[in-house]
Amino acid sequence: MNRRRLLTWLCLAGLWTARLAFAGLDGDVTSSFALAERAYNAAKAHYQTNVNDDAAAQQFASACFDWADQKQTDDVREAVSHEGIQVCRAWLQRKPDSAAGHYYLGMNLCQLARTKTLGALPLVKEIEKEWLASLALDPHFDFAGADRNLGLLYRDTPGFPLSIGSKTKAEQSLAHALELSPEYPENYLNLIETHLKRKPTAVPAEFKKLLEILPAARKRFTGPQWQSAWEDWDPRIEKIKSKLPGLP
């Protein structure tokens, strides 16, 4: 499966913190950009001749998210996210208990939300609902992806009465993601970055554990499909490292 660095993300009228960090695409096309485009085109072609196949639906829905996540115009991102949403809705009609179907529906709804301003706020509850459904069906899917995404959603969205943001729920979800999949670097990074602001004394021990799992992670999560993940993770690791001397 094509994985990705996950959503830290939604640039909705300045309400969310953006961390979409692909290198400049104004000149030469980066390899991660080209890889995402090729994966999207191949997955789409395969799905069009296998519309009732769950694996083909998952591959295409994932590829839609990845392609929309590149530095696109809003028109392109909206069109691609709609494709991913339609695939997931059809998938869930025939298999409503698919954790992956609910997961990727939430992911592509996020990409659609990125094309909106305040019109994105009504989508947030729907995104939460899909990830909660995925969590209930298979909490381990995509390295505890539902908990990971819910944690970021709760952390980075406004709180009541505007939206569903909750620092407590964010920390609980991110900690649970790490508990379920401690081998996955993103789960450490999200919790550490959250603790840098809310619980800095916890960061040194958590960062030490992250460094301990990195050698195995670099061997396991390797190949072109992981390139964009490491392009995101490595700078974040270095940024955390630079902050450690100043922590109380």
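The values are calculated or read from the model by the stated rules, or taken from the named source; none is laboratory data. Computed from a prediction, not measured in an experiment: that's the story for all the values here. Cβ atoms come from the backbone with ideal geometry, glycine included; neighbour counts cover every protein chain shown.
The number of residues in the range 82-100 being of a type in the set (S, T, N, Q) and over 14 Å from Ala133 (Cα atoms) comes to 2. Of the residues making up the range 107-127, not a single one is closer than 26 Å to Ala217 by Cβ, free of Cβ contacts under 8 Å to residues at least 40 places away in the same chain and out of contact with any Asp or Glu (no Cβ under 6 Å at 6 or more places or on another chain).
Return the only residue of Lys243, Lys169, Lys197 being at pLDDT 95 or above, surrounded by fewer than 20 Cβ atoms within 10 Å (Cβ to Cβ) and in a helix (DSSP H, G or I). So that I can check it myself, show each step before the final result.
Numbers: Lys243 fails: at pLDDT 95 or above; Lys197 fails: at pLDDT 95 or above.
Only one candidate passes the filter, namely Lys169.
Residue-level check: of (1) assigned to a helix (DSSP H, G or I); (2) surrounded by fewer than 24 Cβ atoms within 10 Å (Cβ to Cβ); (3) not aromatic (Phe, Trp, Tyr), Leu152 misses just (2). Filter the range 70-88 for residues that are in contact with a Leu (Cβ under 7 Å, 6 or more places away or on another chain) and charged (D, E, K, R) and give the result. Passing the criteria: Lys71, Glu78. So, Ala56, is that one of a type outside the set (D, E, K, R), in a helix (DSSP H, G or I) and surrounded by fewer than 15 Cβ atoms within 10 Å (Cβ to Cβ) or not? No; evaluated as a whole, the condition is false for this residue.
Yes/no per residue for (1) in contact with a Gly (Cβ under 8 Å, 6 or more places away or on another chain); (2) surrounded by fewer than 17 Cβ atoms within 10 Å (Cβ to Cβ); (3) not hydrophobic (A, V, I, L, M, F, W, C):
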residue	(1), (2), (3)
Gly145	no, no, yes
Pro161	no, yes, yes
Ile164	no, no, no
Glu179	no, yes, yes
Thr201	no, yes, yes
Ser228	no, no, yes
Trp233	no, no, no
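Each row is one residue, and each column tells you yes or no for (1) over 26 Å from Ala113 (Cα atoms); (2) at pLDDT below 95; (3) outside any helix (DSSP H, G or I).
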position: Leu174; (1), (2), (3): no, no, no
position: Glu179; (1), (2), (3): yes, no, no
position: Pro182; (1), (2), (3): yes, no, yes
position: Glu193; (1), (2), (3): no, no, no
position: Thr201; (1), (2), (3): yes, yes, no
position: Ile213; (1), (2), (3): yes, no, no
position: Trp226; (1), (2), (3): no, yes, no
position: Trp233; (1), (2), (3): no, no, no
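Inspect all residues belonging to the range 211-223 and state whether any of them is surrounded by 14 or more Cβ atoms within 10 Å (Cβ to Cβ), closer than 24 Å to Phe33 by Cβ, in contact with a Pro (Cβ under 9 Å, 6 or more places away or on another chain) and touching a residue at least 40 places away in the same chain (Cβ under 8 Å). Yes, the range 211-223 contains a residue that is surrounded by 14 or more Cβ atoms within 10 Å (Cβ to Cβ), closer than 24 Å to Phe33 by Cβ, in contact with a Pro (Cβ under 9 Å, 6 or more places away or on another chain) and touching a residue at least 40 places away in the same chain (Cβ under 8 Å). Looking only at residues that are charged (D, E, K, R) and over 20 Å from Asp138 (Cα atoms) in the range 74-123, which one is modelled with the highest pLDDT? Filtering the range 74-123 for residues that are charged (D, E, K, R) and over 20 Å from Asp138 (Cα atoms), the one modelled with the highest pLDDT comes out as Glu83.
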